[in-house]
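Have a look at the structure below before the remarks.
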Amino acid sequence: MVGKSAAILGYFLLILFVGLYSRRYAKSTPEDFFLGGRNLGPFLLFFTMAATNFSAFTIFGFSGAGYRSGYAFYPIMAFGTGFMAISFSFIGKRVYDLGKEKGYITPSELIGKHYQSRPLQLLVFAVMVIFTLPYIAIQPISAGYTLESLLGIPYFVGGVLVMSIIVLYVFLGGFRGVVWTDVVQGGMMIVLMSLALFLLAKPHGGIIQANLAVFQKFPELYSRPGTGNAFPVSIWFSYMLLWLLCDPLFPQLFQRFFTARNRRSLDITMLAYPAICGILFILPVAIGVIGRLSLPGLSGKEADRILPLLLAQQADHWLGALILTAGLAALMSTLDSQLLTLSSMFTRDVFSSSKNEKKQAWMGKLFILVLAAAGLIIAYRPPSTLLKIATETFTGLAVLFPAVLGGLYWRSATALGAILSILAGETLVVGYMLDWLPTFGFLPVIPVLGVTTVVFLLTSFLQSKLSLKELLTSGNVFKNKKIQRNAFVSFGVFSALFLLGIDFWAWGSSAPLILGFPWWIWYFVGLNLLLMVAMACFLTEKKTMRSASNASLH
């Protein structure tokens, strides 16, 4: 017990030190507190973007899904999340440009002022807060699981303890504290999760032999659709589209587009993202699959505890505790960003009438406490599995996609169209949460986005005095023939890669195993590499396209 306590305490002290030490470089301005002075180079931007996105869901949710559904969960996350990185270019760079030009700090501020609509700004703020709160709750849920398994601390007390530590260093260090703790926590995730997989597979003869043993006992975990046909083609397609449309709209990720030092920082982050997804995501999924050998019979929310349960059973006390700090690193690196971003949104979007910067800062900190309390209330009795909570959260945020993309690139987009599309979409989301509406075999995000997009386009069309042809060609880009050609080629290449990721021809396949893993795992590793090559080629063409499109934008 002493060794485990020392490992956890050492981790907490390290994170507090890093967060507080960064305070010495902070300036007493909202832009520095919330955005770090808009000066993140490629290294810091990549690590804070990755660590912020890879949450407790990545460690505990992935291992739980691997335990329940098998290796089929890996490619849907590794390639789907890696593919999402193309949004760093077509959304991130436009957001970066507008933020630098107009001084925007929050996502809702950009959207509301770009459309020149205060009601829209407040609506986007409300949507982002409401649908981020359940994802905030995932973090203390996982913290409670971890500390309860390791130290015997009651579940909810553990969640409160971790939440309190995060609130402390966010209060004192601001965005700089968050970024530097993200660097430490991101590195810890990769190293310690690799160590965990090797350690937990060792009693079964190593990773290859452990996989072969699982394949003999539980072959369904190696099937392409997953256990119980968990991911048929329609659900697979839905998840792939969900990650692409939703991930950049998480407020904590969207806000990081403002923080880049330059466009090159976004380019390098975009290129590196598929690689880190391909490497990191296999680790917790494999832990969940191999965990069936030691702890068969877990179900539902119980499976989300598989990692701490395995470490409590098999690892040396201090080593198991040290490895589980990877889970703490994942949840803390996301939770701190969520709290800081939503706090900045409250300060800028709701409490903007006050010109007193010190008063704004204190109101932001007060809102952090409100968010922390709300997250803990939801976490007190976890409503479902981490995967289900995350999916519903992602769907609610994906509703914003037509309004955001239309506002960034379509001059005929109207504020009323954006407002009505969001209201219609969120109404449908609630209907699906209550099981009132049919999904037609897909995840709810597909029909929701279909209706949302139609409402947005139709309302904008009815408000516009342009003809249909003029309306469809009123975008901010595509005025130049070469831009048109390059854009359509890029769209075709990435569409082809997206379709290759829906490898319906492999459904029902598991053998042969290559180095213990199903052959199609290696197919997706190669697909992630191909995605990086396509992105690199796309960026070489983007320079010409950007200079021409900027001329039409301004």
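Points worth noting:
- Of the listed requirements (1) without any contact (Cβ under 8 Å) to a residue 12 or more places away in the chain; (2) not in a helix (DSSP H, G or I), E302 misses just one: (2).
So that you can scan it fast, the table gives a plain yes or no per residue for (1) surrounded by fewer than 19 Cβ atoms within 10 Å (Cβ to Cβ); (2) touching a helix residue (DSSP H, G or I) at 6+ places or on another chain (Cβ under 9 Å); (3) in a helix (DSSP H, G or I):
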residue	(1), (2), (3)
G10	yes, yes, yes
L16	yes, yes, yes
D32	yes, yes, yes
G37	yes, yes, no
T52	no, yes, yes
I59	no, yes, yes
S63	no, yes, yes
G66	no, yes, yes
V95	no, yes, yes
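- Single residue of S333, S354 found to be modelled with pLDDT under 85 and touching an Asp or Glu at 6+ places or on another chain (Cβ under 7 Å): S333
- Complete set of residues in region 127-156 that are closer than 15 Å to I8 by Cα and not small (G, A, S): Y145, T146, L147, E148, L150, L151, I153
- Which listed residue is touching a helix residue (DSSP H, G or I) at 6+ places or on another chain (Cβ under 7 Å), part of a helix (DSSP H, G or I) and at pLDDT below 90, from F491, F461: F461
- Residue identified as touching a Ser or Thr at 6+ places or on another chain (Cβ under 8 Å) and at pLDDT below 85 among L466, L472: L466
- Taking the criterion of being modelled with pLDDT under 75, closer than 16 Å to M332 by Cα and among the aliphatic types (A, V, I, L, M), the only residue of region 7-48 that qualifies is L20.
- Some residue of region 105-112 being surrounded by fewer than 24 Cβ atoms within 10 Å (Cβ to Cβ), β-branched (V, I, T), in a helix (DSSP H, G or I) and touching a Leu at 6+ places or on another chain (Cβ under 8 Å): no
- Residue match in region 116-126 (condition: free of Cβ contacts under 8 Å to residues at least 24 places away in the same chain and in a helix (DSSP H, G or I)): yes
- Qualifying positions in region 163-206 - at pLDDT 90 or above and either in contact with a strand residue (DSSP E or B) (Cβ under 9 Å, 6 or more places away or on another chain) or within 27 Å of E31 (Cα to Cα) (or both): M163, S164
- Within the option set L253, L242, being under 24 Å from I502 (Cα atoms), touching a residue at least 60 places away in the same chain (Cβ under 8 Å), under 22 Å from the mean Cα position of the chain (by Cα) and crowded, with 18+ Cβ neighbours inside 10 Å holds for one residue only, L242.
- In region 380-396, the residues that are closer than 16 Å to L331 by Cα reach residues that are in a loop (DSSP other than H, G, I, E, B) with C-beta atoms within less than 7 angstrom, at least six apart or across chains, in these pairs: I389/P383.
- When region 405-437 is filtered for residues that are crowded, with 19+ Cβ neighbours inside 10 Å and part of a loop (DSSP other than H, G, I, E, B), the ones remaining, listed by number, are S412, A413, T414.
- Some residue of region 145-163 being surrounded by fewer than 19 Cβ atoms within 10 Å (Cβ to Cβ) and farther than 24 Å from I323 by Cα: no
The values are calculated or read from the model by the stated rules, or taken from the named source; none is laboratory data. Source: prediction; values computed, not measured. Using ideal geometry, Cβ is built from the backbone for each residue, glycine included, and neighbour counts are taken over all protein chains shown.
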